[in-house]
């Protein structure tokens, strides 16, 4: 078996067997680092693949004297990136749910009614910043509670067109809602 520096050199020059040996040598180390950040084993495997892909792509430019530290840094950075993506996706889902639930919530007290009206006003105001065909579909569906079929009939389009407009409009509105909440 070759020593580590010989393996690195051969792998950097495209030798797949040498790279496979590097993966075998460092896979437990990489998994241990990722597990410190991510507790889902399936996701750990996915991030480990990203790590070794990055190692493979960056190996020709490797100039350090601590290969283990270099791989460890890549594993740490990929884990942090994964956590950021997960947090961002979660925030978007929460914002979308909040935005849609404003229209669908039942109110019991005058205070709740006032809050619902204020939020509806904010969303209606944000709707003005998206193209009219999407704004109309969103207001008809969420504010007035009309079905896809009713909207399609009124607008003279297919149900599929209404679904597409709602999907696109919701995504545009979600982005505006996110920007609005970040500015508060």
Have a look at 124, 161 and point out the one that is modelled with pLDDT of 90 or more and either within 26 Å of the chain's Cα centre (by Cα) or surrounded by fewer than 17 Cβ atoms within 10 Å (Cβ to Cβ) (or both). 161
Say whether the condition of being buried (at least 16 other Cβ atoms within 10 Å of the Cβ) and at pLDDT 80 or above is met by at least one residue in the stretch 98-121. no
Looking only at the stretch 42-57, count every residue that is exposed (fewer than 13 other Cβ atoms within 10 Å of the Cβ) and over 19 Å from the mean Cα position of the chain (by Cα) and tell me the total. 2
If residue 93 satisfies all but one of (1) modelled with pLDDT under 70; (2) closer than 30 Å to residue 31 by Cα; (3) surrounded by 13 or more Cβ atoms within 10 Å (Cβ to Cβ), what's the number of the condition it fails? (3)
Checked pairs for the stretch 127-141, first farther than 15 Å from residue 174 by Cα, second surrounded by fewer than 18 Cβ atoms within 10 Å (Cβ to Cβ) and modelled with pLDDT of 80 or more, C-beta under 6 Å and 6 or more apart or across chains, list as 140/146
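The values are calculated or read from the model by the stated rules, or taken from the named source; none is laboratory data. Everything quoted here is computed from the prediction, not taken from an experiment. Reconstructed Cβ throughout: ideal geometry from the backbone, glycine too, with neighbour counts over all protein chains shown.
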